[in-house]
1. Using Cα-Cα distances under 8 Å and only pairs 6 or more residues apart, what relative contact order does segment 34-159 have, in percent?
2. List the lysines whose Cα lies under 20 Å from the Cα of Lys99, skipping any in the same chain that are fewer than 8 positions away.
3. Show which lysines lie in cross-link reach of Lys27 when reach means a straight Cα distance below 25 angstrom and same-chain residues fewer than eight apart are skipped.
4. What residue among Ala108, Ala123, Ala142 has the largest mean-square fluctuation in a Gaussian network model of the chain, using Cα springs under 10 Å?
5. How charged is the neighbourhood of Ile145? Take every other residue with its Cβ under 13 Å from the Cβ of Ile145, and add Lys/Arg as +1 and Asp/Glu as -1.
6. If we count other beta carbons within 10 Å of each Cβ, what is the order of Met114, Met121, fewest first?
7. How much mean residue ellipticity at 222 nm does the chain get from its helices, if each DSSP H run of length 4 or more adds -39500 (n - 2.57) and you divide by all residues, to the nearest 500 deg cm²/dmol?
Amino acid sequence: MSMRDALLAAGFVFGGAVCALSAEAPKLGIPISPADVAAWDISVFPDGRGLPPGNGTARQGRALFDAQCARCHGAGGRGGTAEELAGSTSPLNGPDPDKTIGTYWPYATTVFDMTRRSMPMHAPGSLSNDEAYAVTAYLLFANKIIAEDFEINRESLPLVKMPNRDGFDRIDAP
Ligand code: HEC
């Protein structure tokens with residue numbers, strides 16, 4: 001066999017292999033179902049987009065906070081080993097800035113989003129929507145932003161104006 005014939009033969013075999021491969025479906029996994037997407041699609045935006053149905057008050061959230069959050073965040077959101085959530089003793093522009101939800105966070109909706117997706121730290125995603133609303137209400141109450149019986153839900157939460165709302169340069173919020 002001449003070199004040319006040998007190359008052609010090799011090319012033919014190679015081409016045959018390519019044809020055989022391309023005849024199979026690409027092995028890229030299986031289509032994701034809408035239900036699978038929905039489980040991950042839980043982002044909440046400052047204007048309230050993404051908030052689910054449900055509601056809760058600080059009075060309802062207090063027991064949940066004591067049972068599931070205080071061991072890390074301290075009683076009332078202060079004095080534990082994890083981030084301080086409430087009870088700031090000095091403002092951000094003071095000599096000893098005390099960063100809490102009340103002094104720092106620009107949007108109340110983020111408290112719900114952060115809590116629902118990632119807390120309690122040992123069991124993220126375990127809170128029902130009503131529980132996440134109630135504990136969000138408790139954290140807003142503990143920061144003296146809402147009253148104890150003010151109902152937090154998908155309509156009222158985006159309307160809560162955080163003390164530091166105007167302390168940030170706008171980058172992506174509507
Ligand atoms: C096992 C300890 C633990 C428990 C229990 C826990 N947290 Fe946390 N939490 C943390 C830690 C650690 C952080 C800081 C993590 C980070 O910033 O990524 C945090 C951060 C947070 C933040 C963001 C604070 C900030 O300023 O960035 C919020 C809000 C919060 N937790 C709420 C809760 C709520 C509500 C519960 C109860 C449902 C809870 N956590 C239970 C450990 C815990």
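1. After rounding, I find 37 percent.
2. Within reach: Lys144, Lys161.
3. none
4. Ala123
5. +2
6. Met121, Met114
7. Helix contribution divided over all residues of the chain: -12000 deg cm²/dmol.
Read the figures in this text as sums done on the coordinates, not as results from a lab. Please read all numbers here as calculations on a predicted model, not as lab measurements. For neighbour counting, all protein chains shown are included, and Cβ atoms are generated from backbone atoms with ideal geometry for every residue, glycine included.
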